[in-house]
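Working notes, beginning with the structure itself.
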Amino acid sequence: RRRGCSVIATRFITVMPPKKRARGRPAKSQKEESAAKIAKKDQGEEGSSREAAEETPASRTRKQEAQNSGKQKPKDASAPPDQDLHCYWLMKSEPESRIEKGIDVKFGIEDLKALPKQTDCWDGVRNYQARNFMKDMKVGQQAFFYHSNCKEPGIAGVMKIVKEAYVDHTQFDKKDVHYDPSSKQDNPKWYMVDVQFDRMTKRFISLAELKKYHQQHRTKGGALKDMALFTRARLSVQPLTQEEFDFVLSLEDKEPI
């Protein structure tokens with residue numbers, strides 16, 4: 001199954017110009033700077049001695065309270081997660097037959113539904129960002145099963161994550177279409193999760209329909225204005241916000257536009 005694509009990243013090195021001295025502030029000679037440092041040190045030591053001599057138990061208590069009030073409080077473990085954390089996903093697979101290296105990579109939602117326990121591993125992802133998204137997935141999270149590279153791409157159903165990321169064995173299988181000779185057993189590059197069929201959507205929600213909503217929401221505001229399906233279209237595994245997920249589900253009960 002071909003569920004990922006490669007991305008080539010280019011590194012740029014920026015050479016920073018040398019810092020300029022602030023205008024209107026003449027540079028000091030080394031002697032002047034040394035003298036100023038010694039004077040400042042002497043003043044600091046004198047001030048510290050005077051403060052130590054004048055400090056009372058009450059002033060020490062007030063000083064300690066002031067220091068404690070300025071310290072940053074540790075984060076509460078029970079606090080809600082960051083807003084940027086995604087708990088919903090869209091995962092692409094090809095529902096139509098396509099032969100690659102003598103193997104049919106077809107895998108649609110009906111194929112998942114027909115498997116024992118309606119469960120399978122989501123292998124073959126060969127894109128680093130998509131792999132990282134899978135490593136963020138948690139058991140129980142929901143994902144749209146998206147049919148891609150076919151006559152009518154779009155969302156066909158819903159599945160859930162039943163096993164978190166673990167090593168994708170296909171990267172070491174020389175007979176598999178996703179074999180990666182650069183990946184090593186002691187330092188694997190690629191991971192996968194296990195997914196389980198949940199349900200078919202009440203109707204097929206096409207890419208063309210989603211694109212119309214995306215364009216409307218970009219202009220007037222709305223849930224799909226930043227949807228990764230259009231802003232990061234090449235990714236085979238994409239994050240969704242709860243607002244995006246809920247909006248797409250709401251389309252089940254509406255007529256296509």
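What to note about this one:
- Matching residues, the range 179-197, being surrounded by 15 or more Cβ atoms within 10 Å (Cβ to Cβ) and within 30 Å of PHE245 (Cα to Cα): TRP190, TYR191, MET192, VAL193, ASP194, VAL195, GLN196, PHE197
- Selection within the range 72-104 - open to solvent by 50 Å² or more (accessible area, probe 1.4 Å), modelled with pLDDT of 95 or more and outside any loop (DSSP other than H, G, I, E, B): ILE99, ASP104
- Exclusive hit being in contact (Cβ under 8 Å) with a residue 40 or more places away in the chain, part of a helix (DSSP H, G or I), out of contact with any Lys or Arg (no Cβ under 7 Å at 6 or more places or on another chain) and hydrophobic (A, V, I, L, M, F, W, C), set LEU235, LEU210: LEU210
- Residues within the range 238-257 that are more than 24 Å from SER93 (Cβ to Cβ) and either in a loop (DSSP other than H, G, I, E, B) or in contact with a helix residue (DSSP H, G or I) (Cβ under 8 Å, 6 or more places away or on another chain) (or both), tallied: 3
- One residue stands out among those in the range 88-118 that are of a type in the set (Gly, Ala, Ser) and within 27 Å of the chain's Cα centre (by Cα): the one that is farthest from ALA228 (Cα to Cα), which is GLY108.
- Picking from residues in the range 107-126 that are in a loop (DSSP other than H, G, I, E, B) and more than 14 Å from PRO153 (Cα to Cα), the one that is most open to solvent (accessible area, probe 1.4 Å) is LEU115.
The values are calculated or read from the model by the stated rules, or taken from the named source; none is laboratory data. This is a predicted model, so every value here is computed, not measured. Every residue, glycine among them, receives a Cβ derived from its backbone with ideal geometry; neighbour counts consider all protein chains shown. In case anyone asks, the SASA skips ligands and DNA or RNA and just uses the protein heavy atoms, side chains included. Shrake-Rupley method; radii C 1.70, N 1.55, O 1.52, S 1.80 Å.
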